[in-house]
Every structure is written in C-alpha cells, then in structure tokens.
1. Could you rank the peptides 203-214, 66-77, 156-167 by their average count of other C-beta atoms within 10 Å per residue, with the highest value first?
2. Under 27 Å between alpha carbons, and skipping anything fewer than 8 positions from residue 166 in its own chain: which lysines qualify?
Amino acid sequence: MKLVDSHCHLNYDGLAERQDEVLDAARARGVTAFLNISTRQREWSDVIGVATRNPDVWASVGVHPHEADAHPELGATALIEGAAHPRVIAIGECGLDYYYDKSDRAAQRERFQAHIEAARATGLPLVVHTRDAEDDTAEILERAVEEGGVTGVLHCFTGSAELARKGLELGFFVSLSGIVTFKNAKDLQQTAREIPLDRLLVETDAPFLAPVPNRGKTCEPAFVADTAAFLAELRGEEPDALADATTANFYRLFGRAAA
C-alpha cells in the first residue's frame with residue numbers, strides 16, 4: 001500500500017525536534033510522499049529545507065489566513081519568487097478563517113487574492129483553508145476559476161456538503177483529515193461518502209487532529225494510514241484501491257511532484 005500525506009507541518013513543535021523519526025515511522029506504514037506546508041513567510045526557507053534534504057518531501061509557500069495581518073505587504077510577487085524553488089509544488093496554505101478571526105477579514109481576502117494570482121502565474125495549485133467563510137470562499141474561487149489558470153484542493157475539509165460540491169464543480173480536489181474519524185463528524189462522514197474517488201486526497205495536518213485510534217496524541221504523518229483505512233471502510237472500498245487512487249490524485253494535482 002502506498003499513501004501520501006498531502007498536508008503536514010513537519011517544522012512545527014512536536015514534529016520538528018524528531019523529524020527523521022517521524023518520517024521513518026510514516027514510511028514504515030506505507031507513506032511514500034509528504035507535502036510540508038508553510039503558514040508564514042519566515043518559515044519558507046525551513047520548510048523548503050526539509051524538502052531539499054528528503055527526496056520524498058515536497059514544500060509549499062504561503063501565508064495562513066490567521067497570519068494575514070502580520071503580512072500586510074505580501075503580494076503575488078513574493079509568492080512567485082518563493083515558488084521558484086524546484087521542491088515547491090503548491091501555493092498555500094491560504095484562504096479565509098472567520099471562525100477565529102485572528103486577522104481582519106478584508107486583509108484575509110486581500111492575501112487570498114495574492115495567492116490566487118501567484119498560483120495563476122506559476123501554474124501551481126492552491127492549498128485552501130476555509131472555516132466559517134463558505135460564501136466568500138466559494139465566490140472568490142468561482143471568480144478565480146472563471147478567470148482561468150487556477151486549481152487546487154480544499155484541505156482538511158470540514159465544511160458543508162454544498163461547499164464540497166461547489167469545490168468539485170470548480171475542479172478542485174477535497175482532502176480529508178483525521179477529523180472524519182471523529183464520532184461527532186456524522187455530516188462530514190456523509191459528505192466523505194459522496195466525494196468521487198478521483199478527486200479525493202488524504203492528509204494529517206500534523207501535528208494537529210490525530211485520527212481515531214490516536215486521539216490525544218501528537219498527530220504525525222504515519223497516522224494518515226488510519227484515516228485512509230477509516231475512509232475505505234466508510235466508503236465501502238478496498239484499502240489498497242483508496243490508497244492507490246489518493247496517491248495518483250496527489251500527483252495529478254501537484255504536477256511538479258510528478259515531473
């Protein structure tokens with residue numbers, strides 16, 4: 001079985017201090033590739049550094065919506081320059097988070113637009129974070145897709161079935177994390193059954209959101225195997241088939257990694 005952790009934070013506390021051990025544990029469970037995600041501009045060089053040292057690790061450049069206020073000058077140019085490194089395969093994570101409102105909403109939308117412009121210029125897909133901002137997210141992505149040259153993934157998806165359908169309609173992939181294994185995630189589980197297999201990704205968002213049976217632990221990329229196993233049973237699919245499909249989807253979306 002070959003899996004990909006399509007979204008993890010290997011440079012965050014809980015993983016960074018034992019990075020080699022964490023990667024080896026995941027490889028032992030069949031994880032063959034990792035996308036190491038940045039959330040602040042000052043992280044970019046370290047995130048890319050991990051990808052440079054490990055041939056099965058890839059990197060993104062981006063600024064999380066929580067950090068929008070802290071990056072008032074960030075525009076598409078900086079993102080395009082950061083994405084020039086050959087180990088960078090995605091722009092993000094980026095998007096909107098109106099649940100915590102840690103940054104001004106207008107600033108979040110401005111930074112999101114900068115990421116969209118960078119994705120269009122580089123041809124790299126977006127990694128989109130959205131929480132309690134479905135209408136604005138859908139509107140912004142719909143406009144971006146209409147203007148052309150933009151695709152990506154709705155990462156760590158926890159939104160409504162309507163948002164999932166809108167993302168799929170726009171050509172985006174949907175990525176599920178350990179949240180789908182939680183007992184109270186019935187609505188998300190129903191949505192997970194409906195996502196076409198050729199548009200599905202799996203992730204950990206490590207070190208956060210450890211899936212059952214690892215609740216309470218620091219999440220790590222090895223646990224993507226538990227989320228994938230849960231999804232296969234939920235969807236009535238063979239585990240190997242789901243693993244093969246989500247791995248193929250990763251390389252189809254993130255074409256620079258495939259190349």
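1. Answer by packing, highest mean first, reads 203-214, 156-167, 66-77.
2. Once the sequence-local lysines are set aside, what remains near residue 166 is 102, 183, 186.
FYI, it's all coordinate maths here, none of it is from the lab. What you are looking at is a predicted structure, and each value in this text was computed from that prediction instead of being measured. Neighbour counts are summed over all protein chains in view; Cβ atoms, including those assigned to glycine, are modelled from backbone coordinates with ideal geometry.
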